[in-house]
Amino acid sequence: MPRGPASVFSYGPQAARDPGLEVLLTDGLGGFALSSLAGVPTRCYSGLVVSQWPPVKRFAHLASPLEELEVAGEHVALHALEIAPNVFEGRGLELLTGATMWNLLPEREQLWRGARVRRRQVMPHGSGAVIYLYDVTARDSVTLTLGGFFTDRDMHAMHRSAPNLIFQAGGRRVKVQGERDTVVRLHLPDVGQAGGPVPGQSILKEAVVSALTPAPFVQRVYYRMDEARGEPSTEYVRGCALWRVTFPPGGGRVALSVQGAAPDQPAVDDPWEALDAEMNRRQELTGRAWRATGVTDGIVATLALAADAYLVNRAQPAGTSVIAGYPWFSDWGRDSMIALTGLTLVTGRAEAARDILRTYLQALRRGLIPNHFHDDGGGAGYNTVDGSLWLAVALERYVRTTGDGQFAQECLPALREILGWHVQGTDHGICVDPADGLLKAGEGQVQLTWMDAKIHEWVVTPRHGKPVEIQALWLAALGAEVRLSGALGEPSMFADAHARARQGFSALWQQVMPELAPREVNSLAELLGLDTSGSSGPSGLTGLVALGDLSRGDLSRLSSPLPETGGLGRQEAVLAPATRSHRAVLADGLDAHGQPDLSVRPNALVALALMDTPATDAQVDAVLAQAEEQLLTPLGLHTLSPLDSRYLGNYGGPQLIRDAAYHQGTVWPWPIGSYVELLLSRGEVGRARAALSGLLGHLGEAGVGHVSEVFSGDALHPGGCPFQAWSVAEVLRAHVLVSLAEMEQAAQAQNASGVPSRPSARA
């Protein structure tokens, strides 16, 4: 594994000053530190947010540090607070000379009157604290004043007037008291320690620290990102300068730590040691992902580090969970299960995958896992038809990757419980239709699929009845029980239901393309030339098939790196030229009255990429062609064809407008994983790579190193959460799948030319 940072984003002065470049640090407990790369707070969620009941019950403590520099008797504010549109308090933006993200840890540099100030930022894992580390270089003596702009509120709220805060000074420790406490500490390194002096200087005199008598003042702050979302955008905070640090000629180092009221969190003693520990932890995460995949590039490094931000410890039920997106989502079941493969199995963190599955199985109720845990820590909502089915998919992927038969044995009763409830009927009208063995769901004003926008009592995209991806997930869940039972030497309890549902799925095709009857096809593994005999494939990952679901085999050997396969593969098919009809070639589902919904949406792609969905090559090609013509964009897939009269191309402004467009044309990145899988099943490696290029370029904008939740349908402007779990997970998974296919193509080309192929690079 190469030494040094594996993920680097560098920005010059102009780019670094863009407040739209946001950075995220997390503590693994639901807490986070959010800001623009330039340091400007742009949302009510900016600054430091700490969880009091991990990973929820989150409260804001700090909007921004206060930073002032004095050189030769002249003062300048290094911070930058937007107080009105494009009106700033402080000169922090104009003094920026550049900014860098090293392994997704932000670093900025400012220059004023010959004094250079470098600020690094870190959030130690499990700390509930954010640390700002300052390196000051100057020819003459300079003084740095440090403090903060403080708040004390629920993270979703804003102060209409300044909060009542009491500042209790105590040397290098200040307690800021409100309803919750915030502790601020000033740290100086020991000059004799390796981390103490400024690099290149062997001897430095100690800096002089003056504790200031707190004199808090009211500061107005404007949040441009909230304004863009049609939300309240102005609040008032308390600013306070706390210390003056005077450095001798040459400069020195100082650090500021801000810690919120989180239970049982130890204080940060040595910020530089904490930074080194976090850098080492991130380097290890990168190495694990490289070793797991055999793909040792900066994209895997970046997205593996991004993936770590979403994995959190949950207090109750206890275990690992997944924050769906930052800054406002809590942990959601559906999102956790869809994202699990990319966040954990691809990154070499199988133990986290196992813990996530256990967490949600603890919360199982009437065959359903929580759709989401409430942000106040008070229970969960169970309005989901697909969460438990995605859990079955995630469970089988975990077993395929790890060969963990013991865990498969542990979970099999719960899987059967899930399936049993779905057969007999559970909440929200979810039950098997005895007429065709498929799963029907939906009642009243309840949203159950991933297209879940709701405005008051109006479910924007209800999809009641038999949505296509739900049927595919039902087949996959039944198939998981059949294969896991067989691998464990037990008789399946749902083999008949599986066979019946596969037959019933054909009705969705016959509604639209009766001339194309399902038939058996070849495997993706065969297509890509992977060895299915039990030896590992060309990658370091134990089973390419574990990353995707284009496999129709059983788990005859739980320890086998690649199980026996059969699935969507390359067959000759002749199709009529694609037309600009917005009638789906595979129905988006059957409505509550049994009528086909012919909306062109990406759900058919998701359905066909799942392992048990019966389809012919011609059918897959038809869906791919229509998706490419009407849904595909450089940044993901439209949720509704622009040719549809219901299409809404603007995602922005007030919540009413956003929610109405959320799944009615807005572009989502996460279904790109299914689209890429299907392209690879057709041998279209080049097209699969092209489909990812825009999203990989997006890593350097919006939420740096992450993938946004959505993009507006027309302008493709990023929106929603700038940091979204399943977007990161599926882009990472897709990139690895394509990279492995490219590696295999290159190896085959070398073998065909008689040139010996080199072994795949390993971290």
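The values are calculated or read from the model by the stated rules, or taken from the named source; none is laboratory data. This is a predicted model, so every value here is computed, not measured. FYI the Cβ positions are ideal-geometry reconstructions off the backbone, even for glycines, and counts take in every protein chain you see.
Worth a mention:
- Per-region count, region 397-419, residues farther than 15 Å from A350 by Cα and in contact (Cβ under 8 Å) with a residue 40 or more places away in the chain: 9
- If you check T344, T320 for being closer than 22 Å to V606 by Cβ, in contact (Cβ under 8 Å) with a residue 24 or more places away in the chain, buried (at least 21 other Cβ atoms within 10 Å of the Cβ) and not assigned by TED's automatic domain parsing to the domain that holds M155, only one passes: T344.
- Output for region 167-179, where each listed residue is surrounded by fewer than 18 Cβ atoms within 10 Å (Cβ to Cβ), over 16 Å from S210 (Cα atoms) and either in contact with a Pro (Cβ under 9 Å, 6 or more places away or on another chain) or basic (K, R) (or both): K175, E179
- Just one of the listed residues (E109, E89, E70) is of a type in the set (D, E), under 25 Å from G252 (Cβ atoms) and in contact (Cβ under 8 Å) with a residue 40 or more places away in the chain, and it is E70.
- Against the test of being surrounded by 19 or more Cβ atoms within 10 Å (Cβ to Cβ), of a type in the set (K, R) and in contact (Cβ under 8 Å) with a residue 40 or more places away in the chain, the options R314, R288 yield a single qualifying residue, R314.
Yes or no, residue by residue, for (1) within 26 Å of W332 (Cβ to Cβ); (2) at pLDDT below 95; (3) part of a loop (DSSP other than H, G, I, E, B):
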| site | (1), (2), (3) |
| --- | --- |
| G287 | no, no, no |
| W290 | no, no, no |
| N313 | yes, no, no |
| Q316 | yes, yes, yes |
| S321 | yes, no, no |
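- Taking the criterion of being touching a Lys or Arg at 6+ places or on another chain (Cβ under 7 Å) and not in a loop (DSSP other than H, G, I, E, B), the residues of region 332-356 that qualify are T341, G342, L345.
- Checklist (1) assigned to a helix (DSSP H, G or I); (2) more than 24 Å from V49 (Cβ to Cβ) applied to L275, failing item: (2)
- The sole residue among R689, R658, R682 that is touching a residue at least 24 places away in the same chain (Cβ under 8 Å) and in contact with a strand residue (DSSP E or B) (Cβ under 9 Å, 6 or more places away or on another chain) is R658.
- Qualifying residue in region 363-371 (condition: more than 18 Å from the chain's Cα centre (by Cα), buried (at least 24 other Cβ atoms within 10 Å of the Cβ) and among the β-branched types (V, I, T)): yes
- Condition met for R397 (surrounded by fewer than 20 Cβ atoms within 10 Å (Cβ to Cβ) and either on the phi > 0 side of the Ramachandran plot or within 22 Å of the chain's Cα centre (by Cα) (or both)): no
- Some residue of region 249-266 being touching a residue at least 60 places away in the same chain (Cβ under 8 Å), aliphatic (A, V, I, L, M), more than 28 Å from G28 (Cα to Cα) and part of a strand (DSSP E or B): no
- Comparison of G98, G92 shows that the only residue that is in contact with a strand residue (DSSP E or B) (Cβ under 6 Å, 6 or more places away or on another chain), among the small types (G, A, S) and closer than 24 Å to L25 by Cα is G98.
Each row is one residue, and each column tells you yes or no for (1) within 30 Å of V8 (Cβ to Cβ); (2) in a loop (DSSP other than H, G, I, E, B).
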position	(1), (2)
A625	no, no
D644	no, yes
G652	no, yes
S674	no, no
S693	yes, no
G697	yes, no
G713	no, yes
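- Hits in region 625-655 - residues which are surrounded by fewer than 20 Cβ atoms within 10 Å (Cβ to Cβ) and more than 18 Å from H717 (Cβ to Cβ): A625, E628, E629, L643, D644, S645, R646
- All positions within region 477-504 that are crowded, with 22+ Cβ neighbours inside 10 Å and under 19 Å from N603 (Cα atoms): A477, A501
- Residues satisfying the stated conditions in region 119-154, i.e. buried (at least 23 other Cβ atoms within 10 Å of the Cβ) and more than 24 Å from L275 (Cα to Cα): V142, T151, D152
- Counting only residues that are at negative phi, more than 22 Å from the chain's Cα centre (by Cα) and part of a loop (DSSP other than H, G, I, E, B), region 2-57 holds 7 of them.
- Test: residue in region 454-462 that is buried (at least 24 other Cβ atoms within 10 Å of the Cβ) and either assigned by TED's automatic domain parsing to the domain that holds F407 or polar (S, T, N, Q) (or both): no
- Among the residues listed as V432, V423, V385, the single one being surrounded by fewer than 20 Cβ atoms within 10 Å (Cβ to Cβ) and modelled with pLDDT of 95 or more: V423
- In the set (1) buried (at least 18 other Cβ atoms within 10 Å of the Cβ); (2) out of contact with any Leu (no Cβ under 8 Å at 6 or more places or on another chain); (3) in a helix (DSSP H, G or I), the condition left unmet by Q619 is number (2).
- Count of region 230-248 residues which are in a loop (DSSP other than H, G, I, E, B) and buried (at least 18 other Cβ atoms within 10 Å of the Cβ): 1
- All positions within region 249-282 that are of a type in the set (D, E, K, R), loosely packed, with under 15 Cβ neighbours inside 10 Å and touching a Gly at 6+ places or on another chain (Cβ under 9 Å): E273, D276
- Residue that is outside the structural domain of F494 (by TED's automatic domain parsing), more than 29 Å from the chain's Cα centre (by Cα), surrounded by fewer than 23 Cβ atoms within 10 Å (Cβ to Cβ) and modelled with pLDDT under 95, where the choices are P596, P577: P577
- Test result for L133, farther than 30 Å from S330 by Cα and not in a loop (DSSP other than H, G, I, E, B): no
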